[in-house]
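Inspection log for the structure reproduced underneath, given as structure tokens.
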Amino acid sequence: MNNTFNPNGYTPFVVESRSLPEQWKMWVAENIILGNDLNAIVNTLVAYGLDRYSARQEVFTAANSPYLKVSQKTVQALKKLESHLKIYTELQKLLPQKIDRVETITPQEFLQNYYATNTPLIMTGMMKNWSALQKWTPAYFADRFGDVKVSIQTNRSSNPLYEIESEKHRSEMTLKEYIDLILSSGSTNDFYMTANNGNLDRLEFKPLFDDMELFPGLCKQEECPGAIFFWLGPQGTITPLHHDPCNLMMAQVYGRKKWQLISPHYTPQMYNYRGVFSAVDLTNPNYDRFPLFREVTIIEEVLEPGDLIFVPVGWWHFVEALDISISVSMTHFVFPNSYNWKYPNYQL
């Protein structure tokens, strides 16, 4: 039987009360909706302490409820969609599991072959005119902008949900203080300056735009507040497994980052329980808790300084800094880049 969570985590029933706890009622309903065998559901309840008469009454009453019966229409429609996605993943496996690499690309080629087809791409020569590649180092930022107050995330190690609850970890310090912290801390994920900190929108950092050429023909050239983001952190920083709600590019300026990408066709296997986030920790996947994740194919690439990656909307990704790292991400494409998402929000 395909239990959707592990009942071992719940207290066995108090048999005398013949009352099924609410979480077990939810488990019964979920397994009925999934089409699991009713007698198997009864046997599981009995194994965990409920008498057989009460178990049968609970399961068969629930199965005949009109509220549960109507859910079957939605489940069948969902399973049809999932079968489409499974076919697409099988077809994708016929191709090499890697991301195309090109030196440069024209806007038309980019649109036709990658943007409109939802296909990732790495461009190795698009940043050749960026003076940032020579200028941007931790020492440069400490010297040039050291007195500027910046927002960062801190104490991330204390909270597994540090990215979902990023506002709880917001701190301020001068950029020099932050650079000193990076240089003295070695490999860590405890602090990080990310897109959510919004530092590139600060007036003091406007000179940085002179060091970048923001890809004419691909990106809008007028000012786009809230669409260009700055990332600076130590070796060891991690961006947990998630997808973005729009297309994006990330330019790797300093240091290296390892990217792991997963096609959106695998979304049913991603345990996407809240917003854009997966419950799976890609540093140590728990396959007992998330068995469907075994089916997923992961594409791994390392970005070197000067590499530009295009991450299509909906593609899952997990990013780890292999060195002290400086990156710039952007979403201000000249092509349409706004989508209507329906996000989940439930407890696993």
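Within a Cβ distance under 15 Å of Val313, other residues only, what is the Lys/Arg minus Asp/Glu net charge? Cβ neighbours under 15 Å give a net charge of 0. Each Cα pair under 8 Å and six or more residues apart adds its separation to the average, and for segment 224-308 the resulting relative contact order is 43 percent. A straight Cα-to-Cα reach below 23 Å connects Lys206 with the lysines Lys128, Lys135, Lys149, Lys176, Lys220, residues fewer than 8 places away in its own chain not being considered. Looking at segment 228-268, none of the chymotrypsin sites (Phe, Trp or Tyr not before Pro) sits in a DSSP loop with at most 16 other Cβ atoms within 10 Å of its own Cβ. Using the rule -39500 (n - 2.57) for each DSSP H run of four or more residues, divided by the residues of the chain, the 222 nm mean residue ellipticity is -7500 deg cm²/dmol. Normalising the average separation of contacting C-alpha pairs (under 8 angstrom, six or more residues apart) by the number of residues puts the relative contact order of segment 110-211 at 30 percent. Of the cross-linked pairs Lys80/Lys342; Lys25/Lys69; Lys93/Lys342; Lys98/Lys257; Lys25/Lys80; Lys69/Lys342, those separated by over 20 Å at the C-alpha level are Lys93/Lys342; Lys25/Lys80; Lys69/Lys342. Among 241-247, 182-188, 32-38, the peptide with the highest mean count of other Cβ atoms within 10 Å heads the list, and the full ranking is 241-247, 32-38, 182-188.
Classified by the C-alpha gyration tensor, segment 219-265 has an oblate form. Its axis ratio a/c, with a ≥ b ≥ c, is 1.5 or above, and a/b does not exceed b/c.
Separation of segment 301-329 and segment 32-83, taken as the distance between their Cα centroids, equals 44 angstrom. Think of segment 96-330 as a dipole: +1 on every Lys or Arg Cβ, -1 on every Asp or Glu Cβ, centred on the Cα centre; then among Phe205, Val276, Gly236, Val276 lies furthest on the positive end. Sorting Thr124, Thr194 by the number of Cβ atoms found within 10 Å of their own Cβ, with the fewest placed first, yields Thr124, Thr194. Provide, for q = 0.11, 0.15 Å⁻¹, the log10 of I(q)/I(0) from a solvent-free Debye sum over equal Cα point scatterers in the chain. Rounded to two decimals, the profile gives -0.83, -1.26. Taking the Cα centre of segment 96-235 as reference, the dipole from Cβ charges on Lys and Arg (+1) and Asp and Glu (-1) amounts to some 200 debye. Straight-line cross-link partners of Lys73 among the aspartates and glutamates, defined as a Cα under 15 Å from its Cα and at least 8 positions apart when in the same chain: Glu30, Glu82. Considering only DSSP states other than H, G, I, E and B, which GluC sites (Glu not before Pro) in segment 87-196 qualify as loop sites with at most 12 other Cβ atoms within 10 Å? For GluC sites (Glu not before Pro) across segment 87-196 that sit outside H, G, I, E and B with at most 12 neighbouring Cβ atoms in 10 Å, the list reads Glu103, Glu165. Annotation for segment 99-139 versus segment 142-220: alpha-carbon center distance of 23 Å.
A run of the chain free of exposed loop cleavage sites, with trypsin sites (Lys or Arg not before Pro) counted only in DSSP states other than H, G, I, E and B and at most 12 other beta carbons within 10 Å, reaches its longest extent at 129-341. Each Cα pair under 8 Å and six or more residues apart adds its sequence gap; the mean of these over the residue count of the chain is a relative contact order of 19 percent.
Every read-out reported here was derived from the displayed coordinates using simple, explicitly stated rules and does not represent laboratory data. Small disclaimer: the values here were computed from a predicted structure and weren't measured. Because the Cβ atoms are built from the backbone with ideal geometry, glycine has one as well, and the counts that use them run over all protein chains shown.
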